[in-house]
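Below is one structure, written out as structure tokens, with a few remarks after it.
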Amino acid sequence: MGRTGILLETDNGEIKESNYGMITAARGAGDTEMYGFLIGGEAASCKEAVQKYGICRVVEITSDAGDLATRPEKQTDALIAAMKNYDIRFLVGLSSSRGRDLMARVAAKLDAPLAVDCIDLNLEDQIVTKSHFSGKTLARLKLCGDMLICGVRPNAVEPQEAPCEADAEVFAAQVKDDGRMVVTEAKGSAAGQVELTEANIIITGGRPIGSAENFSLLNECANLLGAAVGASRAAVDAGYAPHSMQVGQTGKTVSPKLYIACGLSGSVQHFAGMKTAKIIVAINTDKHAPIFGKSDYGILGDLFEIVPALTEALKDQTSQ
Amino acid sequence: MQIYVCVKHVPDTAANIKVTGDAAFDESVKFVMNPYDEYGVEEAIRIVNKNGGEVVVVTVGKETAVNTIRSALAMGAARGILVKTETQFLDSSLTGLALQRAIREDGAPDLIFTGKQSVDSEGSQTHYRLAQAFDMPVATEVVALELKDDRAVVEREIGGGVKEVIEMQTPCVIGATKGLNEPRYPKLPDILKAKKKEIKLIDMADLGIDLSAGHTEILELESVPERGEAKMLSGSPREIAAQLVTVMKEETVI
Amino acid sequence: MHIYILLKSILVTALLIAGFGIFTIRVRRLFRIMKSVKGQADSKVDRPAERIKVLLTDVLGQSNVRRKRMPGLAHTLIFFGFLAVQPHSVELMINGVCPAFHVANIVPGFYGVYLFVADILAFPVLVGLGYAIYRRVIVQPAYLTDGLDARLIILFTSVIIITFYFINAFLTIPSIGGGFDYARYFTISNLVKNIFNLGSLSPAGSRAGYEIAYWLHLLTILGFLVYIPGSKHLHLLAAVPNVFLKPLDRPKAMIKTDIEDEDAETFGLGNVADLNWKNVLDLYACTECGRCEEQCPADMTGKPLSPKRLVHDLKLDLFDQSAKLLKGEFASVEPLLRDGSPLSDDVLWSCTTCRACEEICPVNIQHLDIVLEARKHQVLMESNFPPEMQETFNNLENQSNPWGFSSDTRGDWCKGLDVPLITDHPDADILYYVGCAGSFDDRGIRISRAIVNVLKKADVDFAVLGPEERCNGDMARRAGNEYLAQMMIQEKVEILNQYKPQKILTGCPHCFNTFKNEYSEFGAGYDVVHHSEFLLELTKQKRLKHKESKFEKLTFHDSCYLGRWNGLIEAPRELLRLSGLSRNLIELNRTKTKGLCCGAGGGRMFMEENIGKRINIERAEEIVAAKVPTIAAACPYCTIMLRDGIADLNGTNVVYDIAEIIDMVTV
């Protein structure tokens, strides 16, 4: 079939969990050799994690011309050089903000087809499945050509182990930097916050939360679950949460395993951002709230009673 | 300044999409300007209002896309260019190339805006291909922009509350997203004036583009089924919480 | 003495010329300002007989003023007393110029009777003025302006009456009154003479007294005359024409702006030059009585909008810029909403268009004509409106409903109810127009389903438009977006004209109002009925079978667009009574034409309410305090607002639409 290159993403040097599902999706029937590419991060320390899923070689891409992280165009050239060097036919990565950006640059430069946010891959037949119309339909796309690039939606595919022994090596790319594009700084705190679009569990607060301070109720529960906290558009508009927390049509699209909606009525706009969640639990005091017609489990209650009760139950759980 | 804004005529996100055949859908629904493109149009107009120049809006689409161009003209763009296609969906590399050639034929861009993605095909890549064709730097998911002499300083959201600050040489391509600005609601005199502004119609063939050279083809569209009624959990908050934890364990979430 | 009389004659002549002259100049200027404004008014003098009758009942009969009992009574006394005194003052003026002139010499009998009447009627003026002072000094209601203007007017009027009595008292002295037996006809003036012992004055003393009273009287009248055109007492001149020209019918349409006019430089009311002469007459007619402010739901809940202050501030703005208007320098007229002006965005947008102000105004000022035209300007020309409305406008434009639900799903509310579509049944007797709230809002859908139940019980032949139904544009229009509204109306008109319904039944007073009063101007004038009056018809025709109701006390909340806008006040009550609920029906304090708005009108349902107290809470408090378990409403927005208000107060009262109630008491 041809060699597949996996664009691995790290967080503070560690491989992000969401990579594993993506690797599984790329592996497909398992007839392809998979090489993992790391830009920023050590091949040697990462190979343990990824070889469990079938990656047989981890390549750390470096460049002598300085830090690739702040030079998107150089990063692109370096990755392309690695792809050429290792004879990569398919490049698969996470459809995260960084992943989409890098893959699009590579696709544009190589004039290769690109599909992002895929929830299913069939590299052998060169067919992918992704959302069209903001989650209202799924589209099956055929990608033609010798080289394909695909971004997989985080948590869309269940990771499956396929252990093998991987080598680790370093590839030093010979790339020039014309300096026309530089990342000069990263603002804001990333510490401890689980990224919404990659989270496995998400708890979202709606307008009934009533204040920015009350989000601490959700944060406490989220911490115990390792979950991310989101906000509805109404909560963001009311000033209770920043826009970066907004889930929905005009916010982030998420695909967690579990989505707990606290005080959300279930508007079409919100649903567009999370309808692919595997399980939706809705907590609302209004028995006529539309969300009860669109979720898997419903709780007719006050979030200010239910969420703390859940937090307590989880605490008991972990202490057992 | 000569600013080009690339827009797309797409179905309103509120509309129900009815799949009517393998890869076709009922196009009688309401179409609007791609919401992300609005931020691009607004930003371009603000820049030109401050620094002088003109905003030209470009789109690749069916003839009905003229309506979206008119919306941009009502917001303050000076002229429009429509590259005509037969279908709603077109391979991104062909779109990118068509946009680049139409713009190049028209003038010399100082800045190009697009939306970060379209809400129908959600490809998120046309602006990269456009930038590649122009050999310009590109940044997407831009929420803030400051223009300096020969550079654009943008902020882009990468998630987890983190924003990257990027400096790019101009001319460059910027993929706008929510947060960059608040798009204006057009005033009536501007809406009336927009009806008279120029819209140039171009055929793909005029741009020398081979439509068969695309890489991507939609094989099938499938409606996503709606969820049914929820299973209600009842009892005291403590009892409900316990039930929830059980559900979570069963679904191997915890 | 003769020299004095001669000098007096010259002086009085000069003063009369000067006084009336200045008065005329000032009034003429007011006229010129009225003619200088660019706006078009569609005020016509139609149905003249009716209008004359209005003058007799409202002005002469003071019926409108007397709607507020005590102040109304006081005003009536002042009105008649003051009128009665005028002829006497005119005689005095002529007599001052021409000392030989005495009406007593011409028609002594008639004169005597007149004096008797005038003398008696003048006293209650002082009583009335005393009451006015009492209200301003002791009671001090917030809505009553107590400024220099008000006090000067009270002062002037009092002096005129008091000097009238003193003059009369002196006239009873033969050396001053001449041959006519004044004392015979006076009652109070005689009292004055006796109390102040004016008879004991020497001839020179009484002559001096008389002349002093005379001059004081004359100067005060002339001073008042000159003062009137610049004060709120201008209503003396403007009120009568304003009442004469008032709209004779209660229902009215918003002004249809010609948005296709390519030459139009502006739309709506952007500055005082855009007013029309009728607006200006409205401003002149205002007496600053404050009754509109007292009724206004925005003012009573702490918003900066007071209809009285709006009129006053606009009048001041008009006068401040009148020089520019008179010179035709329209380009330099400053905008209504500008830095330092008391007219702010919040003043304009706080209005719920409930018409309580117009309803209560004793001089028939059309406040809404100003507010709604000003909104049009802000939206169409400035794109200046509450930011949350942008999404609503886009939703209306794209999916024909304010929430942006897919217009495809507009017919889904009746799933499972077997409701015929008009495409399948074009000859239906009734086209039931459901409306946006009735189609998409959960609470509204329950009301629509109840209406359908009742229609089926009565075996009514009806159909709905289903997914073809479109919003009628009312909310967009009230929120000032005339362009969007007209686009929506045109679309709707085409659909209606395609089906040509025999009768349109609406579930919502806003839909009812716009179809009935505004759509004919756009080419679709059909017979329209609101569901409360239609259900009443069905009940009267005995097409519904009633059963025992389980309701206890019950009250009806009047919707503004049903009651004040269209006069449908008794019909819903009669419907409840004929449905077996007459024993249960009570009235809230603020009811019928004085009913309090729920706060949703004027597009406010879709705006944030951040200032002061929420209007729906104000109404809910009244409901909760009245301890009435059930409230009947006839509008989905009222139902939603009242339900939310009561819920916020943790009240247990339940709001039902009248159709739901009828559904519950019929089989």
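The values are calculated or read from the model by the stated rules, or taken from the named source; none is laboratory data. Keep in mind the model is a prediction, meaning the values are calculated, not measured. Note that we place each Cβ from the backbone using ideal geometry, even for glycine, and neighbour counts take in every protein chain shown.
Quick check on the stretch A:107-114. Is at least one of its residues over 30 Å from B:D12 (Cβ atoms), in contact (Cβ under 8 Å) with a residue 40 or more places away in the chain and not charged (D, E, K, R)? Explain how you work it out, then say what you get.
Of the stretch A:107-114, the ones over 30 Å from B:D12 (Cβ atoms) are A:109-112.
With in contact (Cβ under 8 Å) with a residue 40 or more places away in the chain added as a condition, the list becomes none.
Within the stretch A:107-114 (the criterion being over 30 Å from B:D12 (Cβ atoms), in contact (Cβ under 8 Å) with a residue 40 or more places away in the chain and not charged (D, E, K, R)), the answer is no, since none of the residues qualifies.
Does the stretch A:232-279 hold any residues that are within 19 Å of the chain's Cα centre (by Cα) and hydroxyl-bearing (S, T, Y), and which are they?
The answer is A:S244, A:T250, A:T253, A:S255, A:Y259, A:T276.
Within the stretch B:231-241, can you find the residues that are surrounded by fewer than 19 Cβ atoms within 10 Å (Cβ to Cβ) and at the interface with chain A (Cβ under 7 Å from one of its Cβ atoms)? So that I can check it myself, show each step before the final result.
Restricting attention to the stretch B:231-241, the residues satisfying the condition of being surrounded by fewer than 19 Cβ atoms within 10 Å (Cβ to Cβ) are B:231-232, B:234-236, B:238-239.
If the condition is that a residue be surrounded by fewer than 19 Cβ atoms within 10 Å (Cβ to Cβ) and at the interface with chain A (Cβ under 7 Å from one of its Cβ atoms), then B:K231, B:M232, B:R238 are the ones that fit.
Against the conditions (1) in a helix (DSSP H, G or I); (2) of a type outside the set (S, T, N, Q); (3) crowded, with 19+ Cβ neighbours inside 10 Å, where does C:V137 fall short? Just the number, please.
Result: C:V137 fails condition (3) only.
Pull out all pairs, ordered by first then second residue, where Cβ-Cβ is under 9 Å, the residues are six or more apart or on different chains, the first lies in the stretch C:175-194 and is of a type in the set (S, T, Y), and the second is part of a loop (DSSP other than H, G, I, E, B).
Between residues of the stretch C:175-194 that are of a type in the set (S, T, Y) and residues that are part of a loop (DSSP other than H, G, I, E, B), the close pairs are C:Y182/C:T172; C:Y182/C:I173; C:S189/C:T172.
Scan the stretch A:118-130 for residues that are crowded, with 24+ Cβ neighbours inside 10 Å and facing chain B (nearest Cβ under 8 Å) and jot them down.
Within the stretch A:118-130, just A:K130 meets the criteria.
For B:A108, indicate whether it is hydrophobic (A, V, I, L, M, F, W, C) and over 17 Å from the mean Cα position of the chain (by Cα).
Details: hydrophobic (A, V, I, L, M, F, W, C): yes; over 17 Å from the mean Cα position of the chain (by Cα): yes.
For B:A108, the condition - hydrophobic (A, V, I, L, M, F, W, C) and over 17 Å from the mean Cα position of the chain (by Cα) - is met.
Residue by residue through the stretch A:97-114, note down the ones that are more than 20 Å from A:R140 (Cα to Cα) and within 7 Å of chain B (Cβ to nearest Cβ).
Once the filter is applied, which keeps residues that are more than 20 Å from A:R140 (Cα to Cα) and within 7 Å of chain B (Cβ to nearest Cβ), the stretch A:97-114 yields A:S97, A:R98, A:D101, A:R105, A:A108, A:K109, A:D111.
Based on what the data block shows, is C:G595 surrounded by 17 or more Cβ atoms within 10 Å (Cβ to Cβ) and free of Cβ contacts under 8 Å to residues at least 40 places away in the same chain? Step through it out loud before you land on a result.
On the way: surrounded by 17 or more Cβ atoms within 10 Å (Cβ to Cβ): yes; free of Cβ contacts under 8 Å to residues at least 40 places away in the same chain: yes.
In short, yes.
Out of the stretch B:146-159, which residues are surrounded by fewer than 21 Cβ atoms within 10 Å (Cβ to Cβ) and either touching a residue at least 40 places away in the same chain (Cβ under 8 Å) or part of a loop (DSSP other than H, G, I, E, B) (or both)?
Within the stretch B:146-159, B:L147, B:K148, B:D149, B:D150 meet the criteria.
If you scan the stretch B:1-53, which residues turn out to be assigned to a loop (DSSP other than H, G, I, E, B), small (G, A, S) and in contact (Cβ under 8 Å) with a residue 60 or more places away in the chain?
Filtering the stretch B:1-53 for residues assigned to a loop (DSSP other than H, G, I, E, B) gives B:1, B:8, B:12-18, B:20-24, B:26-30, B:34, B:52-53.
Those left that are additionally small (G, A, S): B:14-15, B:21, B:23-24, B:28, B:52-53.
Of everything in the stretch B:1-53, those that are assigned to a loop (DSSP other than H, G, I, E, B), small (G, A, S) and in contact (Cβ under 8 Å) with a residue 60 or more places away in the chain turn out to be B:A23, B:A24.
Within the stretch C:59-107, can you find the residues that are part of a loop (DSSP other than H, G, I, E, B) and over 30 Å from C:G290 (Cβ atoms)? Lay out the reasoning, then the answer.
Taking the stretch C:59-107 first, the residues part of a loop (DSSP other than H, G, I, E, B) are C:61-64, C:68, C:98-102, C:107.
Of everything in the stretch C:59-107, those that are part of a loop (DSSP other than H, G, I, E, B) and over 30 Å from C:G290 (Cβ atoms) turn out to be C:C98, C:P99, C:A100, C:F101, C:H102, C:V107.
Residue pairs, Cβ under 7 Å, 6 or more apart or interchain, first in the stretch A:237-259 and touching a residue at least 12 places away in the same chain (Cβ under 8 Å) and more than 15 Å from A:E198 (Cβ to Cβ), second among the β-branched types (V, I, T) and outside any loop (DSSP other than H, G, I, E, B). List them.
Here the result reads A:Y240/A:I209; A:Q246/A:V236, each pair linking the stretch A:237-259 to a residue that is among the β-branched types (V, I, T) and outside any loop (DSSP other than H, G, I, E, B).
Please enumerate the residues belonging to the stretch B:109-132 that are over 20 Å from A:R71 (Cα atoms), more than 7 Å from chain A (Cβ to nearest Cβ) and either outside any loop (DSSP other than H, G, I, E, B) or of a type in the set (D, E) (or both).
Hits for the stretch B:109-132 are B:D110, B:L111, B:I112, B:F113, B:T114, B:G115, B:T126.
Just a yes or no: is a residue in the stretch B:87-98 in contact with a helix residue (DSSP H, G or I) (Cβ under 7 Å, 6 or more places away or on another chain), more than 28 Å from B:D149 (Cβ to Cβ) and assigned to a strand (DSSP E or B)?
No: zero hits.
Residues being at the interface with chain B (Cβ under 7 Å from one of its Cβ atoms) and assigned to a loop (DSSP other than H, G, I, E, B): count how many of those fall in the stretch A:279-320.
Residues flagged as at the interface with chain B (Cβ under 7 Å from one of its Cβ atoms) and assigned to a loop (DSSP other than H, G, I, E, B) within the stretch A:279-320 amount to 4.
Tell me whether the stretch C:381-404 contains one or more residues that are acidic (D, E) and over 21 Å from B:E182 (Cβ atoms). Full working, then the answer.
Of all residues in the stretch C:381-404, those acidic (D, E) come to C:382, C:388, C:391, C:397.
Those left that are additionally over 21 Å from B:E182 (Cβ atoms): none.
No.
Return the residues of the stretch C:612-650 that are in contact with a Pro (Cβ under 7 Å, 6 or more places away or on another chain) and assigned to a loop (DSSP other than H, G, I, E, B); say none if nothing qualifies.
Correct list: C:A634, C:C635.
Give the residues of the stretch C:8-66 that are within 21 Å of the chain's Cα centre (by Cα) and of a type in the set (A, V, I, L, M, F, W, C), sorted by residue number.
Matches in the stretch C:8-66: C:M34, C:A41, C:V45, C:I52, C:V54, C:L55, C:L56, C:V59, C:L60, C:V65.
Go over the candidates B:K84, B:K8, B:K62 one by one and state the one that is within 14 Å of another protein chain (Cβ to nearest Cβ) and modelled with pLDDT of 95 or more.
Numbers: B:K84 fails: within 14 Å of another protein chain (Cβ to nearest Cβ); B:K62 fails: within 14 Å of another protein chain (Cβ to nearest Cβ).
It is B:K8.
Quickly run through the stretch B:212-230 and pick out the residues that are touching a residue at least 40 places away in the same chain (Cβ under 8 Å), assigned to a loop (DSSP other than H, G, I, E, B) and more than 7 Å from chain A (Cβ to nearest Cβ).
B:G214
Scan the stretch A:89-104 residue by residue and report those that are surrounded by fewer than 24 Cβ atoms within 10 Å (Cβ to Cβ) and over 12 Å from A:E9 (Cβ atoms).
The answer is A:R89, and nothing else.
Within the stretch A:189-226, can you find the residues that are more than 9 Å from chain B (Cβ to nearest Cβ), touching a residue at least 24 places away in the same chain (Cβ under 8 Å), out of contact with any Leu (no Cβ under 7 Å at 6 or more places or on another chain) and in a loop (DSSP other than H, G, I, E, B)?
Of everything in the stretch A:189-226, those that are more than 9 Å from chain B (Cβ to nearest Cβ), touching a residue at least 24 places away in the same chain (Cβ under 8 Å), out of contact with any Leu (no Cβ under 7 Å at 6 or more places or on another chain) and in a loop (DSSP other than H, G, I, E, B) turn out to be A:A199, A:G210, A:S211, A:A212, A:N214.
Exactly one of these conditions fails for A:Q246: (1) surrounded by fewer than 19 Cβ atoms within 10 Å (Cβ to Cβ); (2) facing another protein chain (nearest Cβ under 9 Å). Give me its number.
Of the numbered conditions (1) surrounded by fewer than 19 Cβ atoms within 10 Å (Cβ to Cβ); (2) facing another protein chain (nearest Cβ under 9 Å), the odd one out for A:Q246 is (1).
Let's see how each residue does on (1) over 23 Å from the mean Cα position of the chain (by Cα); (2) exposed (fewer than 13 other Cβ atoms within 10 Å of the Cβ):
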{"site": "A:K136", "(1), (2)": "no, no"}
{"site": "A:G145", "(1), (2)": "yes, no"}
{"site": "A:N155", "(1), (2)": "no, no"}
{"site": "A:P159", "(1), (2)": "no, no"}
{"site": "A:E165", "(1), (2)": "yes, yes"}
{"site": "A:D178", "(1), (2)": "yes, yes"}
{"site": "A:V182", "(1), (2)": "yes, no"}
{"site": "A:G188", "(1), (2)": "no, no"}
{"site": "A:E195", "(1), (2)": "no, no"}
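Which of the residues belonging to the stretch B:133-145 are in a strand (DSSP E or B) and either within 10 Å of chain A (Cβ to nearest Cβ) or without any contact (Cβ under 8 Å) to a residue 40 or more places away in the chain (or both)? Step through it out loud before you land on a result.
Pass one, the stretch B:133-145, residues in a strand (DSSP E or B): B:138-145.
Within the stretch B:133-145, B:V138, B:A139, B:T140, B:E141, B:V142, B:V143, B:A144 meet the criteria.
Is it the case, given these coordinates, that A:A313 is at pLDDT 90 or above and under 26 Å from the mean Cα position of the chain (by Cα)?
Details: at pLDDT 90 or above: yes; under 26 Å from the mean Cα position of the chain (by Cα): no.
It is false that A:A313 is at pLDDT 90 or above and under 26 Å from the mean Cα position of the chain (by Cα).
Exactly one of these conditions fails for B:D150: (1) farther than 28 Å from B:L90 by Cα; (2) more than 7 Å from every other protein chain (Cβ to nearest Cβ); (3) under 18 Å from the mean Cα position of the chain (by Cα). Give me its number.
If we test B:D150 against (1) farther than 28 Å from B:L90 by Cα; (2) more than 7 Å from every other protein chain (Cβ to nearest Cβ); (3) under 18 Å from the mean Cα position of the chain (by Cα), just (3) comes out false.
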